[in-house]
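Read-outs throughout are calculated quantities, based only on the coordinates presented, and are distinct from any laboratory measurement. Bear in mind the structure is a predicted one, so any value in this text is a computation, not a measurement. As a convention, Cβ positions derive from the backbone with ideal geometry for all residues, glycine included, and neighbour counts pool all protein chains shown.
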Amino acid sequence: MISESNLNRYRLFCAVAECESISRAAEMNYISQPAISKAINKMEESLGTILFVRNHRGVTLTDEGKVLYEQLRAAFEIIKDGEEKLRRMNELGVGRLRLGTSSILCKHMLLPYLQGFVRENPHIKITVDCQSSSKIYRQLAEDKVDIGLIVRPENPSDIEFFSLGEIEDVFIATPDYMENFRLRDNGDIFEEANIMLLDGANASRMHVDRYFKENNIVPEHILEVSGMDMLIEFARTGIGVACVIKRFVQKELDSGEFVEIPLSVPINKREVGFAYMKHARLTSAMEKFLNYTK
C-alpha cells in the first residue's frame, strides 16, 4: 500500500518532470520550491538513484528518472480513468446488480419487475442466477448475489426481507384425467393416481414432503420432474396429478384447462419476497432496484 506522503511525492515528481522546472512545478501546485526540492531529494535517497540532472535552464530526467516517470504516468492515467468512470457511474446511474432466484420465480415474478426497471435504468449491468431458494440464500451470505427473490427462510435473522405476498402449493390435473381416474379407480388420489412432483432438494419439494409426512400421506406412484414449468406441461398432457404453485396456473384453473384437487388439509402457504443481507453495503444499483420494487 502506497502511503499518502509517497503518493504526493510521486505527483510532485511527475509535475517537475513535465515542467522541466522545479519553480514552475511549485507554482502549478501552490507549494514552495524548497518543499518540492526536499520531496525529490527524499525520493532519490529512498530509491538510491538520481532522478534529475540540474542545470541552469531547469532539470531533466536521468535514464532512471525516465523509467520511473513512465510507470508513474501510466499509473496516474489509470487512477484518472477510474475517477472518470466513477463520475460517469454517478451521473448516468451506471452500476452492477446481481440477482438470484429460482427459474419459476424468475419467469412469473421477477421478469415483470425487470422489464420496467431495465427501461428506467439502462446503464445498470444486471446478472440473474437461477438456483433454488436455499442455494440463493447461501449465495447471499457468500456475497455472490446482491438481492435474492426467495421463499422466506424459517429464521431469517441475518437478512432484510421485503415480502411480495404468499404462494400456495396445490394439486392439479386436467378434467379428462380426473374423469378417467374416477371411472377407473375412484379411490384415494394419493394411493391410485400418478403424483408428479419436483425432484431434488428444492424448497417446494421439501415443503410438500413435510406436508405428506405431517398428514401421513404416502404417494404410491410418483413421477419426478426437474422444473415447475415442465411439471405444468406434464400435467397438461393428462398423465397425472401435479403439485404446482397455484398463482402460476391461475389462468388455466380459471379457464377450466386444469382443475384443483380438493384437500382435506390444505398445504401451508409460503411467503416470497426480495432479500439481502443485513450487513451488506447497499450499492446505488441495489437501492434503485429495491425502491422500484416497492
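Taken over the C-alpha atoms, segment 169-268 has Rg and Dmax values of 12.5, 35 angstrom. The distance from the alpha carbon centre of segment 239-283 to that of segment 12-71 is 70 Å, rounded to a whole number.
Here the relative contact order of segment 4-91, from alpha carbon pairs under 8 Å that lie six or more residues apart, stands at 26 percent. Hydrodynamic estimate: the Kirkwood radius of segment 51-186 over Cα pairs, inserted into Stokes-Einstein at 25 °C and 0.890 mPa s, corresponds to D of 118 µm²/s. Under the criterion of Cα pairs below 8 Å and six or more residues apart, the relative contact order for the chain equals 20 percent.
Considering only DSSP beta bridges with both partners in the chain, what is the antiparallel share in %, to the nearest 5?
Values: 22 of 39 bridges.
Counting DSSP beta bridges with both partners in the chain, the antiparallel share is about 55 percent.
Note on SER226 and GLU192: with the Förster distance fixed at 35 Å, the Cβ-Cβ geometry gives a FRET efficiency of about 0.90. In terms of its Cα atoms, the chain spans 111, 34, 31 Å along the principal axes, sorted from long to short. In a simple Cβ point-charge model (Lys, Arg +1; Asp, Glu -1; nothing else charged), the chain has a dipole of about 1600 debye relative to its Cα centre.
With both residues required to sit in segment 167-259, DSSP beta bridges show an antiparallel share near 40%.
To the nearest 500 deg cm²/dmol, what mean residue ellipticity at 222 nm is calculated for the chain from DSSP H runs of n ≥ 4 alone, each contributing -39,500 (n - 2.57), summed and divided by the residues? Before the final figure, lay out the partial values.
On the way: 12 runs with 138 residues, N = 294.
Helices in the chain give a 222 nm mean residue ellipticity of -14500 deg cm²/dmol.
For SER255 and ALA201, the difference between the fully extended length at 0.36 nm per residue and the C-alpha to C-alpha distance is 16.2 nm. Treating r as the C-beta distance of SER157 and LEU7 and R0 as 45 Å, the FRET efficiency rounds to 0.60. As a calculated quantity, the FRET efficiency between PHE234 and TYR113 at R0 = 30 Å, using C-beta atoms, amounts to about 0.60. Counted over all Cα-Cα pairs of segment 4-91, pairs farther apart than 19 Å make up 40 percent.
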